[in-house]
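Single-structure report; data block below.
The values are calculated or read from the model by the stated rules, or taken from the named source; none is laboratory data. Remember, predicted model here, so these are calculated numbers, not experimental data. Here the Cβ is made from the backbone with ideal geometry for all residues, glycine too, and neighbour counts use every protein chain on show. These accessible areas exclude ligands, DNA and RNA; they are computed on the full protein's heavy atoms, side chains included. Shrake-Rupley method; radii C 1.70, N 1.55, O 1.52, S 1.80 Å.
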Amino acid sequence: MSKGNPAERLEDELDRAKARGRWLSDDEQAELDREVDAMALQLEAKQRRDRKLMILTGVCLLIPPLWPLALGLTLFLLYPDTMARIGLAAAITFLVSGLLLAGVLGLAMVWLVQLLF
């Protein structure tokens, strides 16, 4: 929405009304403006996050032990949705396997204590 002089604003509103086929009420226009602002904020936040991840990836490339992390960050930057799903699946898998391992180790300890005493 143009914040210039009133004639430009009216012309912009007329162009938008022609594109939609009708005039929007003040409430509808305010809602539309809020949606546009929210989308702009989300896009800006994503760009900031991506910039930070690129810098972190560059730092990781300079330190050889962190190369696997750099690979993971690069994949996340290239394929964010897919890597988020893979990360969620990996986290669930590690959590479940960790709980199972703790249970098995607990049973092994109980068995070992019974065997010794």
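Key figures
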{"quantity": "Relative contact order (percent, whole number), the range 1-114, Cα cutoff 8 Å, 6+ residue spacing", "calculated": "11 percent"}
{"quantity": "Gain in span if fully extended, Leu66 to Met109, counting 0.36 nm per residue against the direct Cα distance", "calculated": "11.9 nm"}
{"quantity": "Among Phe76, Ile55, Val113 the positive-end extreme of the charge dipole of the range 19-113 (Cβ point charges)", "calculated": "Val113"}
{"quantity": "Assigned charges on the beta-carbon of Lys, Arg, Asp, Glu; the chain dipole about Cα centre (debye)", "calculated": "700 debye"}
{"quantity": "Alpha-carbon centroids, the range 86-117 and the range 44-77: separation in whole Å", "calculated": "33 Å"}
{"quantity": "Under DSSP loop assignment and at most 13 Cβ neighbours within 10 Å, longest trypsin sites (Lys or Arg not before Pro)-free interval of the chain", "calculated": "23-117"}
{"quantity": "Leu24 long-range amide H proximity, modeled H, under 5 Å", "calculated": "none"}
{"quantity": "Accessible area per residue, Å², the chain with all protein chains present, probe 1.4 Å", "calculated": "84 Å²"}
{"quantity": "Ratio Rg/Rh [Cα only; Rh per Kirkwood] for the chain", "calculated": "1.36"}
{"quantity": "Kyte-Doolittle mean at least -0.5, axial Cα span of 18 Å or more - DSSP H helices of the chain", "calculated": "26-62, 80-116"}
